[in-house]
Every structure is written in C-alpha cells, then in structure tokens.
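The values are calculated or read from the model by the stated rules, or taken from the named source; none is laboratory data. What you see is a predicted model; the values in this text were computed from it and never measured. When we count neighbours, we look across all protein chains shown, and the Cβ atoms used for this are built from the backbone with ideal geometry, even at glycine. For the accessible areas, the whole protein counts, side chains as well, though only heavy atoms, and no ligand, DNA or RNA atoms are used. Shrake-Rupley method; radii C 1.70, N 1.55, O 1.52, S 1.80 Å.
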Amino acid sequence: MSKIGFIGLGLMGNPMAANLVKAGYVVAGFDLSAANLQKAGAAGVGIANTAADAVSNADVVVTMLPAGKDTLTVWGGGVMAAARPGTLFIDSSTIDVGSARSAHEIAAKAGMLSLDAPVSGGVGGAEAGTLTFMCGGAVAAFEKARPVLEAMGKRLVYCGDAGAGQAAKICNNMILGISMIGVCEAFALAEKLGLSHQALYDVASTSSGQCWSLTSYCPVPGPVPAAPSNRDYKPGFSSALMLKDLKLAQEAAASVGAVTPLGAEAAQIYGMHNAWGEGGADFSGIINLIRGKGN
Ligand code: NAD
C-alpha cells in the first residue's frame with residue numbers, strides 16, 4: 001500500500017487525511033497549525049515536523065492549502081528535494097490556473113508526476129469521503145492518483161492537461177454563484193408578489209427554472225430540508241469561499257479575454273455580502289442581502 005504525505009490539514013485536509021488512514025494508507029501529515037496537526041494525529045495521521053519530513057518516504061503527496069501562493073510556497077520549498085524522484089504530487093487546493101500550471105512545472109523540473117485535483121463537496125463531502133475531484137495533468141498521473149483519490153471521494157473527472165482541473169472548478173463555481181443569485185432574486189420577487197415559497201418551488205423545480213441552487217440548496221427554509229437555509233445559513237459552503245472562487249474566475253477571464261458580465265456581477269454581489277459581515281455564512285444566505293436591496 002502506498003505511503004502518503006499530506007500537507008495542509010485544515011477543515012478539508014483533516015478529514016481527507018483521516019479517510020486515507022481509514023482506507024489503510026500510512027499517512028505522514030504536516031501543517032503550520034499545531035492544533036490542526038494534533039487533530040490529524042488523533043485520527044491516525046503520523047505527525048511530521050516539516051513538510052520535507054512528510055514527503056521523504058511518500059509515494060504520493062497531497063496538498064490542501066488556502067491559495068495559489070501557498071501551493072507555490074510548499075511545492076517550491078524543500079519538498080521536491082526531499083521526495084523520491086517519480087513521486088506523484090497532487091494539489092487539491094482551489095487555486096488560480098496560472099499558479100496551478102507553475103506548480104506542475106516545478107514538479108516536472110524535479111522529475112515528479114503531478115496533478116491539479118480541486119474538489120467540490122465541501123467539508124461534509126470531505127468527512128463522508130464523497131468529494132468530486134476535477135483533475136488536470138498527464139493521464140499517467142491521473143491513473144496513479146486514482147486509488148488515492150477514490151479513498152477520499154466518489155467521483156473523479158479527468159478534465160485535461162495541467163490546470164484543467166482548476167479551470168473546471170472555477171467555471172463550475174461561476175455557474176453556481178450566478179444561479180444562486182438568480183434563484184434568490186426569484187424568491188425575493190415571489191415574496192413581494194404574495195406567492196408562497198412552496199408554490200414557487202413546486203413550479204420551478206419541475207420547470208425550466210430547475211437548477212442545483214434551487215433543488216439541492218434552496219435558499220429559503222422549507223422546500224429542501226437538508227439545505228443550509230433551514231439552519232440559519234450555517235455553512236455548508238461559505239460566502240467567503242464563493243467570493244474567492246468568483247474572483248479566481250474573474251482573474252482567469254481577464255487573463256484570456258473571456259467576456260463574463262454575470263460572473264463579474266456575481267463577484268460584486270458576493271463582495272457586498274462579505275463586506276456586510278456575512279463571509280462565514282453559507283453562500284445561499286445572499287438572499288438576505290438581496291431582500292435588503294429591494295426594500
Ligand atoms: P483551511 O484554512 O481550513 O486549511 C488550510 C490549512 O493549510 C490550514 O490548516 C493552514 O494552517 C495550512 N497551511 C497554510 N499554509 C501552509 C504551509 N505553508 N504549510 C503547511 N500548512 C499550511 O482551509 P480549507 O477550508 O481546508 O480549504 C483548503 C482548500 O480547499 C482551499 O483552497 C479552499 O478553497 C478549498 N475548498 C474548501 C472547501 C470548504 O468547504 N472548506 C470546499 C471546496 C474547496
């Protein structure tokens with residue numbers, strides 16, 4: 001069974017590493033936060049003192065870090081020199097496409113295999129081992145990663161060359177941010193027209209307005225009992241992370257000259273939601289901002 005080095009044991013990385021341990025892998029973990037490292041240790045992850053120590057015996061290394069600069073700091077630090085040639089490096093952080101491609105270049109220069117493999121499914125999916133991985137890189141890297149990713153997720157999608165996983169992630173989340181705002185506007189309008197939440201849901205969920213933001217994550221309580229709207233918008237997927245992903249999408253669009261006016265507007269509206277102090281709330285809580293704007 002392969003040995004895994006795991007760097008970045010936060011909200012997502014901790015349960016992902018724990019699932020690798022449950023699947024029988026020997027995992028060596030490192031995080032800058034002593035508390036997160038300790039939590040991982042309690043789940044059976046071996047505690048390494050440095051990132052280099054975590055990778056020195058590994059066949060596969062997984063990084064789950066906040067942003068592109070963090071991935072480049074870790075991949076561009078001592079880990080490439082410490083790892084055995086041919087080690088597979090997987091970055092599951094959500095980062096900009098340019099940094100993802102730079103990370104692949106760092107790995108290739110050091111004689112390593114690499115994959116960008118951001119996830120969807122959130123903390124709940126990380127805990128349940130049901131994440132979706134969107135993967136970019138060489139097919140050989142994807143095939144080597146498969147059993148490791150399957151221990152943490154239920155769906156793997158090969159998206160193409162280096163950076164394609166990150167491109168898929170931000171395009172998907174741009175759809176999600178825009179569609180959630182659309183669904184919230186429809187409910188806010190329905191309220192003013194005297195139409196009940198359930199009536200709008202019953203029509204739109206079986207008509208052309210149907211979408212994931214409505215049927216899985218309905219932003220008003222009632223129609224979809226598992227949605228965060230039923231628990232005062234406790235995340236779930238936070239508004240701060242939605243804003244992060246929408247900004248990444250806008251940066252990517254600017255870098256290639258793509259025209260994304262609704263993506264830009266969604267980034268602005270989520271920016272307001274965060275400035276309103278709601279960054280820690282679920283992203284479907286944007287309905288409260290939208291109702292406020294209409295008053
Ligand atoms: P987090 O802030 O909880 O965890 C990040 C961890 O990385 C922290 O424990 C931090 O100490 C550690 N870290 C930072 N720099 C480091 C370094 N140089 N060396 C070692 N450790 C370092 O974040 P998270 O919620 O776990 O998210 C991780 C990534 O997953 C992000 O890119 C995020 O956008 C993405 N993501 C998160 C969710 C979610 O619901 N939380 C969903 C999908 C994708």
Degrees, to the nearest 10: 13-22 long Cα axis against longest axis of the chain: 60
Probe 1.4 Å, accessible area per residue of region 227-295, Å²: 48
Between helix 164-193 and the chain: long-axis angle, C-alpha atoms, 0 to 90°, nearest 10: 20
Positive minus negative residues near LYS244 (Lys, Arg vs Asp, Glu; Cβ under 15 Å): -3
Selected from GLY44, GLY277, GLY160 as most flexible by GNM, with the chain as the system and alpha-carbon contacts under 10 Å: GLY277
Between helix 139-150 and the chain: long-axis angle, C-alpha atoms, 0 to 90°, nearest 10: 70
MET174, MET180, reordered so the largest accessible area comes first (probe 1.4 Å): MET174, MET180
Per-residue SASA entry for ARG101, accessible area with 1.4 Å probe, Å² rounded to 10: 120
For the chain, diffusion coefficient by Stokes-Einstein and Kirkwood Rh (Cα), 4 °C, 1.567 mPa s, µm²/s: 65
Accessible carbon and sulfur surface of the chain relative to its total accessible area, %, 1.4 Å: 59
Accessible surface, per residue, of region 3-162 when the full set of protein chains is kept, probe 1.4 Å, Å²: 40
Heavy-atom accessible area order for LEU11, LEU262, LEU176, largest first, 1.4 Å probe: LEU11, LEU262, LEU176
Solvent exposure, largest accessible area first (probe 1.4 Å, DNA, RNA and ligands not counted), of ASP232, ASP202, ASP245: ASP232, ASP202, ASP245
Total formal charge among the other residues, if their Cβ is under 13 angstrom from that of ALA253, Lys/Arg +1 and Asp/Glu -1: -3
Whole-Hz couplings from phi, Karplus 6.51/-1.76/1.60, listed for region 215-223; x for Gly and Pro: 8, 9, 9, 3, x, 10, x, x, x
Top of LEU195, LEU149, LEU20 by mean-square fluctuation, Gaussian network on the chain, Cα under 10 Å: LEU195
Counted charge near ASP116, where neighbours are those whose Cβ lies closer than 13 Å (Asp, Glu -1; Lys, Arg +1): -2
Distance (nanometres) between label positions extended 7 Å along Cα→Cβ at ASP202 and GLN38: 5.4
